[in-house]
1. Which of the residues spanning the range 163-183 are open to solvent by less than 20 Å² (accessible area, probe 1.4 Å) and touching a Leu at 6+ places or on another chain (Cβ under 6 Å)?
2. Tell me whether the range 64-74 contains one or more residues that are surrounded by 12 or more Cβ atoms within 10 Å (Cβ to Cβ), among the charged types (D, E, K, R) and under 19 Å from residue 217 (Cα atoms).
3. Consider only pairs whose beta carbons are under 6 Å apart and that are at least six residues apart or on different chains; among these, list those whose first residue lies in the range 1-25 and is more than 13 Å from residue 154 (Cβ to Cβ) and of a type in the set (A, V, I, L, M, F, W, C) and whose second residue is at pLDDT 95 or above and in a helix (DSSP H, G or I).
4. Is it true that residue 152 is under 20 Å from residue 17 (Cβ atoms), assigned to a loop (DSSP other than H, G, I, E, B), of a type in the set (A, V, I, L, M) and in contact (Cβ under 8 Å) with a residue 40 or more places away in the chain?
5. Can you pull out every residue in the range 29-53 that is touching a residue at least 24 places away in the same chain (Cβ under 8 Å), out of contact with any Pro (no Cβ under 8 Å at 6 or more places or on another chain) and over 18 Å from residue 131 (Cβ atoms)?
6. Hey, does the range 133-147 have a residue that's within 17 Å of residue 52 (Cα to Cα), open to solvent by 30 Å² or more (accessible area, probe 1.4 Å), outside any helix (DSSP H, G or I) and touching a residue at least 40 places away in the same chain (Cβ under 8 Å)?
7. Determine if the range 44-54 includes at least one residue that is open to solvent by 20 Å² or more (accessible area, probe 1.4 Å), over 24 Å from residue 113 (Cα atoms) and not charged (D, E, K, R).
8. State the number of residues belonging to the range 173-209 that are among the β-branched types (Val, Ile, Thr) and in contact with a Phe, Trp or Tyr (Cβ under 6 Å, 6 or more places away or on another chain).
Amino acid sequence: MPKTFLVDTTRCTACRGCQLACKEWHDLPANHTKQLGTHQNPPDLNPNNLKIVRFHEYVNDEGNVVWNFFPDQCRHCQTPPCMDVADMSVPGAIIQDKKTGAVLATDKSAKLSEEDAQAVQEACPYNIPRRDPKSGRLTKCDMCIDRVSAGMQPICVKTCPTGAMVFGEREEILPVAQKRLETAKKRWPKAFLADMEDVSVIYLLADTKDKYYEFAAFM
């Protein structure tokens with residue numbers, strides 16, 4: 001069975017510890033950013049940020065302001081379309097680790113043309129891969145494959161202070177996800193598990209995906 005994340009957004013406080021820990025573990029440089037009227041920073045995934053916490057603010061039916069937080073990252077699809085598209089141009093540019101299910105961009109991804117890399121990004125239903133203009137490589141969350149292979153948790157999971165992120169064998173995580181969903185529905189009747197059957201990063205959302213982010217869920 002592949003490894004699986006559960007990301008319970010009802011417990012996320014947008015501390016961004018996961019975002020910073022990911023950046024530090026992968027030794028990624030800082031970004032030059034601008035204030036765009038939101039606490040979300042940087043504004044999108046990029047070669048220097050493999051994970052970001054997205055902010056969505058709206059007024060609900062009761063007239064109250066609601067802030068939803070979404071720690072965005074690669075979903076490590078069980079059948080990754082990015083890999084299929086990449087293989088048509090450069091076989092091996094994206095691979096799937098058989099033991100963990102991690103979907104990994106390899107050094108061969110630098111051989112993809114800019115147009116081919118764009119096609120790979122467009123094939124992703126979650127708008128995840130980004131091309132590094134300096135190296136030409138595709139960049140994305142790698143499930144901390146080095147840590148996981150050594151028996152450790154991904155750094156984002158280890159860092160999360162509220163238990164919003166859980167990681168382990170899929171057969172162990174799925175019951176946890178269902179139990180969390182049952183609890184969440186008592187307060188948020190629209191709560192659901194996003195694309196649970198198709199991905200290895202399962203999000204528990206308290207509301208419809210448009211209340212989070214355009215690509216928060218495929219279905």
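1. From the range 163-183, those open to solvent by less than 20 Å² (accessible area, probe 1.4 Å) are 164-165, 168, 170, 173, 177; that's our starting set.
Listed by number, the residues that qualify are 173, 177.
2. Yes, the range 64-74 contains a residue that is surrounded by 12 or more Cβ atoms within 10 Å (Cβ to Cβ), among the charged types (D, E, K, R) and under 19 Å from residue 217 (Cα atoms).
3. Note: pairs meeting the criteria are 1/170; 1/171.
4. Working: under 20 Å from residue 17 (Cβ atoms): yes; assigned to a loop (DSSP other than H, G, I, E, B): yes; of a type in the set (A, V, I, L, M): yes; in contact (Cβ under 8 Å) with a residue 40 or more places away in the chain: no.
Spelling it out, it is not the case that residue 152 is under 20 Å from residue 17 (Cβ atoms), assigned to a loop (DSSP other than H, G, I, E, B), of a type in the set (A, V, I, L, M) and in contact (Cβ under 8 Å) with a residue 40 or more places away in the chain.
5. Once the filter is applied, which keeps residues that are touching a residue at least 24 places away in the same chain (Cβ under 8 Å), out of contact with any Pro (no Cβ under 8 Å at 6 or more places or on another chain) and over 18 Å from residue 131 (Cβ atoms), the range 29-53 yields only 39.
6. yes
7. No, every residue in the range 44-54 fails to be open to solvent by 20 Å² or more (accessible area, probe 1.4 Å), over 24 Å from residue 113 (Cα atoms) and not charged (D, E, K, R).
8. Taking the range 173-209 as the starting set, the residues that turn out to be among the β-branched types (Val, Ile, Thr) are 173, 176, 183, 199, 201-202, 208.
With the extra rule that they be in contact with a Phe, Trp or Tyr (Cβ under 6 Å, 6 or more places away or on another chain), the set shrinks to 201.
Total meeting the criteria: 1.
The values are calculated or read from the model by the stated rules, or taken from the named source; none is laboratory data. Note that the structure is predicted; figures quoted are calculated from it, not measured. A quick note on method: Cβ atoms are made from the backbone with ideal geometry, for glycine too, and the neighbour counts reach across all protein chains shown. The area values use the complete protein model at the heavy-atom level, side chains included, leaving out ligands, DNA and RNA. Shrake-Rupley method; radii C 1.70, N 1.55, O 1.52, S 1.80 Å.
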